[in-house]
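Working notes for the structure below.
The values are calculated or read from the model by the stated rules, or taken from the named source; none is laboratory data. Worth saying up front: this structure is predicted, and the values here are computed from it rather than measured. Every residue, glycine among them, receives a Cβ derived from its backbone with ideal geometry; neighbour counts consider all protein chains shown. Quick note on the areas: whole protein, heavy atoms, side chains included, nothing else; ligands and nucleic acids left out. Shrake-Rupley method; radii C 1.70, N 1.55, O 1.52, S 1.80 Å.
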Amino acid sequence: MAGAARTRLAGAVRTAAPLWVFALLPSAGLVNGALYAPLLFGLGILVTPAGWAAYGARPRADGALLVLAGLFVALGWASIAWSVAPAESARRALQLSLIAGAALLLLAVRPPEGKTAKKLFPVMLAALAAGALIMMADRALGYKLQHLVASKATYAATKYNRGLDYLSLLAWPMLACGVAARRRGRELALAAILALLLAAAGKSTTAPVAMLVGGAGFALAVLAPRQVTRLAAGTVTLMAITLPVWLRAAAEHRASLAAYIKASGMHRLEIWDYMTARVAERPVLGWGLAAANAVPIRPAELAHYQFVVPQGVYPHQQWLELWLELGVAGALLALALALLVFSRIDRLPLRIRPFGFAAFAAALAVSLSNFEITTDSWWAALAGTAFLVRAAARMEAA
């Protein structure tokens, strides 16, 4: 009896937990984007043993993904040997190991099925509407909620940016779940409009740009379904390999761009100016994981900067960070991961594939302007997006 009760409880947990977590992401996760890590990684930690207990279902890891994750973590640990900030590299290597383990655990979880899976879209749509109301009300009240959540925030309005960036990824598989569940067109349109309006309401341009880039990826997948994978893979490969070169060129011509971009954009161009120079000095293995803040800034460089200070800063560009900290080895591993994702998107049902490409395109856009490669909530958002795409695919194939 006790064993049967435990099995029923485990089954209930496995069924209900994904609904609760994905209901919180567009609402609580919008207010505080850092919640993506404990919510999504906690889901994997909670549901995996529950599924095992209820159904005897062991987690199934993607072998190729497991190998790439292992190589990337190993490179991070190895970089301690040549890092200019070995203590920080060691700390971040441990953090990266924990992130990789938690993300792989979440991706090994079997997505919801049947009636539970069909509830994902309406639950997330309601949460998205709630998130929009919370954000608009907080805005009208002078961001009092954000001042409570982030008491040390200098610019409280910008604290929504992380949640909006993550929403620009999550919106696409959410819509895919609606399509797979055969929801009405009006509901799908409402979800898309709400996500786009929320992204545009933030103080950062990253989220709306990511939504638009995601839309372009969706359109390309619909209009050229046979060519989209080759085009996307070729574009990402070219970007990954040549990125330090064209970022260097943009940074060197930043004075001519000043009239067209915000101060934050000029700040990034100054950062990319000296960081691309450091990439050229250590192109193979880089300066060590999480060593971006410690790479030298030459006095001659500082003399020409308006925003950069001697203390250093992270690159605000994940592909550049890979080149700077882990060299071409890190960049090639990240490229291999991107190509693996394309191969997995190719396996999706025909109606779900465009949403997979859209989510990838949105994630790529965000990676080019925000977050570090060891930001736990960023990896949680990526893993949660993949989890939701798989849920949509299972519904579509059922």
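Checking Leu105, Leu120 one by one, the residue that is touching a helix residue (DSSP H, G or I) at 6+ places or on another chain (Cβ under 7 Å) and open to solvent by less than 40 Å² (accessible area, probe 1.4 Å) is Leu120 and no other. For segment 134-222, please list each of the helices (runs of 4 or more DSSP H) lying entirely inside it that holds at least 3 residues being touching a residue at least 40 places away in the same chain (Cβ under 8 Å) and closer than 30 Å to Pro349 by Cα. Those helices (runs of 4 or more DSSP H) span 161-180, 185-201. Taken over segment 328-342, the criterion of being over 17 Å from Leu243 (Cα atoms) and open to solvent by less than 40 Å² (accessible area, probe 1.4 Å) is satisfied by Leu340, Phe342. Looking at Glu325, Glu321 in this structure, which one is within 20 Å of the chain's Cα centre (by Cα), closer than 13 Å to Leu243 by Cβ and either assigned to a helix (DSSP H, G or I) or of a type in the set (Asp, Glu) (or both)? None of the others qualify; the one that does is Glu321. For residues in segment 83-102 being within 18 Å of the chain's Cα centre (by Cα) and open to solvent by less than 20 Å² (accessible area, probe 1.4 Å), which is nearest to Phe41 (Cα to Cα)? Taking the candidates together, the pick is Ala102. On the stretch given as segment 372-398, residues that are crowded, with 23+ Cβ neighbours inside 10 Å and assigned to a loop (DSSP other than H, G, I, E, B) total 1. Summed over segment 91-128, the residues that are closer than 30 Å to Leu188 by Cα, at pLDDT 90 or above and among the small types (Gly, Ala, Ser) give a count of 3. Residues of segment 250-263 include none that is closer than 26 Å to Gly217 by Cα, among the aliphatic types (A, V, I, L, M) and open to solvent by 70 Å² or more (accessible area, probe 1.4 Å). The set of residues in segment 277-296 that are part of a helix (DSSP H, G or I) and surrounded by fewer than 24 Cβ atoms within 10 Å (Cβ to Cβ) comprises Ala277, Arg278, Ala280, Glu281, Asn293, Ala294.
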